[in-house]
Structure formats: structure tokens, C-alpha cells
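Chemist: Pasting a structure here, questions to come.
Read the figures in this text as sums done on the coordinates, not as results from a lab. Since we're looking at a predicted model, the values are computed, not measured. With ideal geometry, Cβ positions are generated from the backbone for all residues, glycine too; neighbour counts draw on all protein chains shown.
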Amino acid sequence: MSNIKEPIDLIMQKGRKNLTLEEIAIRKNQELKIDSKNISRPAFLPAKFHKQYDELSKRLQELKIFTDLDEDLLARYFVSKENYVKFSAKIRTEMSRKEIDYTLVKDLQIMQDKAFRQIRDCANDLGLSITSRAKLVLPPNDPDDEL
């Protein structure tokens, strides 16, 4: 299995490879370039998350790791987070009763776990977790200065 191919700007910034200008140009032409000018909130995102969505998407855009292709993923992150909070509250409520319905608690815990996994998956894909941020390869601020 081959290594993950890093962007040419990052390779040049690290200074680890001696490439000719022709090789650099070829690599730049092969790299995927996605403009992220038309980012908007998905329609299924509840209004109470609009402010959080806008703030987080702006931060991710500043890092140049968020495009319009990621809109739904960020919205699903907030929806899954809401579901996790709801299931957690229902579990607390059920556990505080005198007559605990353990089958209901078990079912709620399964749903809570699924919601948590959805949150974690979205967070990892978006670079919102510690480990996923450590793996991110960020594009340099000004690639023209590197050449």
C-alpha cells in the first residue's frame, strides 16, 4: 500500500524533496482543487443550530479544509449531537424513577451509542477531534511564496 500523497505545496514547505519546476507543475495540475464559495446551511438543519453552524463552518473555511461538499456532514454533526443529548436525558429520567424499565434503558443506551458514533464519525471527517486534527494536512497560507 502506498503512502498518502501530500499536496505539493506542503512538500515544498517541508523542504524534503528536490523536485524540478516541471515536476512541481505536473503535481499541481494533478491535485484536486475545490472552490468553496457557495457554502450554505442545509434545509434539514434546525434553526437553533444556525448560529453554531455558521461559526464552525467559518472556522473550518479559514483553515481551508471545508467546502460546499461538506455542508451536509457538518449539519449531520449537529443533528446527531442533538439526538445524543436527548437520549442521554431520557436515560437519566428513566434511571431516576423508582421502577426502572431496564429494557427501555438498554434500548435508549443503544440509540445513544449510535448517536455518539455518528457524532464521532462526523467530527473525525471534519477534523473536529484531537486525533483527526493531528492527521490533517493543511494547505499553506500563501503557496506563491514557496516557489
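Chemist: Report the paramagnetic label zone for V105: residues of the stretch 72-92 whose backbone N is under 20 Å from a point 7 Å from Cα along the Cα-to-Cβ axis.
Modeler: 84-92
Chemist: Still on this model: Which order do the peptides 80-88, 50-58 take when ranked by the mean count of other beta-carbon atoms within 10 Å per residue, highest first?
Modeler: 80-88, 50-58
Chemist: Further, regarding this structure: For the stretch 34-146, I need the span (max minus min coordinate) of the C-alpha atoms along each principal axis, in Å, sorted largest to smallest.
Modeler: 68, 30, 17
Chemist: Give me the one-decimal nm value for the distance between modelled label points at S132 and F44, 7 Å along each residue's Cα-to-Cβ direction.
Modeler: 1.7
Chemist: Kindly rank 65-78, 99-112 from highest to lowest mean number of other beta carbons found within 10 Å of each residue.
Modeler: In decreasing order of mean packing, 65-78, 99-112 become 65-78, 99-112.
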